[in-house]
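Visitor: Have a look at this one.
Values in this text are rule-based calculations from the coordinates and carry no lab data. Values in this document were obtained by computation on a predicted structure and should not be read as measured data. Here the Cβ positions follow ideal geometry from the backbone for every residue, glycine too, while neighbour counts run over all protein chains shown.
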Amino acid sequence: VLGAPGGYFFLGLLARAPIATIVSSYRPGTLLWHVASQSFSLDSYEPEYEDGYRGYSVAVGEFDGDLNTTEYVLGAPTWSWTLGAVEIL
C-alpha cells in the first residue's frame, strides 16, 4: 500500500501492488522500475481535496466487521482547506 499525497496536483491518492508483482518487476542495477498497481482512490477533481495531501498517512485493517474484505484508511490532513479528514475505502 502506497499513499501519494502529491499525486494529481496534491489531491493525493492511494495505490496498492501485490508483493509478487513488486518482486517480479525488480531489475538489478536499475534505480527505478515500473510496477503495475491498482489505484483505489478516485482520480477525479473535487474542490475539497485541492491541496488535501490525501494519502499522507495510510493503514490497512478490518474496520467494518466483514472478514471477507480489507479496508484501506488514508489521511488527508489539509482536506477542505485544513479541516482534515480520514477516509475508509
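Visitor: Of the residues Gly12, Gly65, Gly52, which exhibits the maximal mean-square fluctuation in a Gaussian network model of the chain defined by a 10 Å Cα contact cut-off?
Guide: Gly65
Visitor: In a Gaussian network model over the chain where Cα atoms closer than 10 Å are linked, find which of Ser37, Ser24, Ser57 has the largest mean-square fluctuation.
Guide: Comparing Ser37, Ser24, Ser57 in the GNM, the peak value goes to Ser24.
Visitor: May I ask you to sort Arg54, Arg16, Arg27 by Cβ crowding, counting other Cβ atoms within 10 Å and putting the fewest first?
Guide: Placing the least packed residue first, the sequence is Arg27, Arg16, Arg54.
Visitor: Name the residue from Ala20, Phe10, Tyr72 whose Cα lies farthest towards the positive end of the charge dipole of region 2-88, charges +1 on Cβ of Lys and Arg and -1 on Cβ of Asp and Glu.
Guide: So the residue furthest toward the plus end is Ala20.
Visitor: Let me ask another. With a Förster radius of 30 Å, plug the Cβ-Cβ distance of Leu67 and Ser24 into 1/(1 + (r/R0)^6) and report the FRET value to the nearest 0.05.
Guide: 0.55
Visitor: Another question, if that's okay. Under a GNM of the chain (C-alpha, springs under 10 Å), which listed residue has the highest mean-square fluctuation: Val23, Val58, Val35?
Guide: Val23
Visitor: Rounded, prolate or oblate, given the Cα gyration tensor of region 50-89, with a/c below 1.5 counting as rounded?
Guide: Judged from the Cα gyration tensor, region 50-89 comes out prolate (a/c at least 1.5, a/b above b/c).
Visitor: From the P(r) of the chain, can you give the percent of Cα pairs sitting at distances over 20 Å?
Guide: Tail fraction, whole percent: 42.
Visitor: Taking the number of other C-beta atoms within 10 Å as the exposure measure, put Phe9, Phe63 in order starting with the fewest.
Guide: So the residues, fewest neighbours to most, are Phe9, Phe63.
Visitor: Normalising by the residue count of the chain, find the relative contact order in percent from Cα pairs under 8 Å and 6+ residues apart.
Guide: Relative contact order of the chain: 28 percent.
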